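The values are calculated or read from the model by the stated rules, or taken from the named source; none is laboratory data. No experiment lies behind these values; they were computed from the predicted model shown. Here the Cβ positions follow ideal geometry from the backbone for every residue, glycine too, while neighbour counts run over all protein chains shown. Note: accessible area is taken over every heavy atom of the protein model, side chains too, but ligands, DNA and RNA are not part of it. Shrake-Rupley method; radii C 1.70, N 1.55, O 1.52, S 1.80 Å.
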Amino acid sequence: MADFGFNEHHQNEVINYMRFARSNRALRLKTIDSCFQDLKDSRLMEETYTVDEVSDMLDGLQVLVRGEVEMELINTAHTNVLLLRQLFSQAEKFYLRLQTDISELENRELLEQVAEFEKTDFKANSKVNQETTKPKLAPLNEGGVSELLQKEITRLQEDNDKLKARLRTLESQAMSALDEKSKAERALKDLQKSQGDQQITNMEGTVAAMQADFEKTLNANVASQKDLQDCLVSAKHDLLRVQEQLSLAEKELEKKFQQTAAYRNMKEILTKKNEQIKDLRKRLQRYESDE
């Protein structure tokens, strides 16, 4: 398997999949053989047959064989989807977006390499006992740039949430101060109606002092709010910059993964399956033409 550049672990994974595919293929071929054998045992009991009888037997055999082949093709497509699901699920954990090149599934050169591998390396490895428990797909890389960037994004988001909470607290304090001012103004109006000028003058001085304190507090809150907004804007800029770095890292990781042997091997397997499907279709067309 040196031509594909696989390491030992991935080579074993390919061997396990090919062993599974070959077992299903052999089982389906046995079923098709049994269809022909059943026809021989149950219908070919006489020495001569009419054209209608032969046509009827062939039509029945065609229905059986067609059903078996169609079932195998459908099952092959579905199992390939499940295999892709495992790979895509693993890739999504590391924020990768895998891509497939369907045209490579019909690459004759690669298909011949896979066929040669099945005849040589696969036969040699088939003598080794298969492991009783199959390990799950191992992560492509633990930690690395993606993990560090993700941690940085999480930290910035936490800081952003803290700043928003503090801003809400200051806004609440400002609203409370406005309410106190409104209450004081209403109290002043009530006193103006019930008390004399001296009391009103004293109350006005108190209100003026309260208003001065309020304006001082409000100005301090406004300055603090402005600082918090500046910090929030800066944190947002940092977050956007880190997200851009993460996107670039993801693209780089995705590009590297597309150059790995696992990615090429998936293309080769899918190419082989498509070629088998085309070959079966051609055989069915020749079979229908012969009829």
Can you give the accessible area of Phe117 in Å² (nearest 10), computed on protein heavy atoms with a 1.4 Å probe? 10 Å²
Which Cα, out of Gly60, Gln37, Asn24, lies furthest along the positive dipole direction of segment 1-62 (beta carbon charges, K/R +1, D/E -1)? Asn24
Cα→Cβ-extended label distance, 7 Å offset, between Arg43 and Glu112, nm: 4.0 nm
Between Gln225 and Ser89, the FRET efficiency computed from the C-beta separation at R0 = 35 Å comes out, to the nearest 0.05, as 0.15
Heads up, I need the accessible area for Cys231: 1.4 angstrom probe, whole protein in place, Å², nearest 10. 70 Å²
By the mean-Cβ-within-10 Å protection proxy, highest first, 99-106, 272-279, 50-57 rank as 272-279, 99-106, 50-57
Got a number for the accessible area of Asp41? Probe 1.4 Å, square angstrom, nearest 10. 90 Å²
Taking 0.36 nm per residue of sequence separation and subtracting the Cα-Cα distance, how much length would be gained by fully extending the chain between Gln258 and Thr79, in nm to one decimal? 62.2 nm
Solvent-accessible ranking of Ser176, Ser224, largest area first, probe 1.4 Å: Ser176, Ser224
If you rank Asp190, Asp59 by how much accessible surface each has, with a 1.4 Å probe, what is the order from largest down? Asp190, Asp59
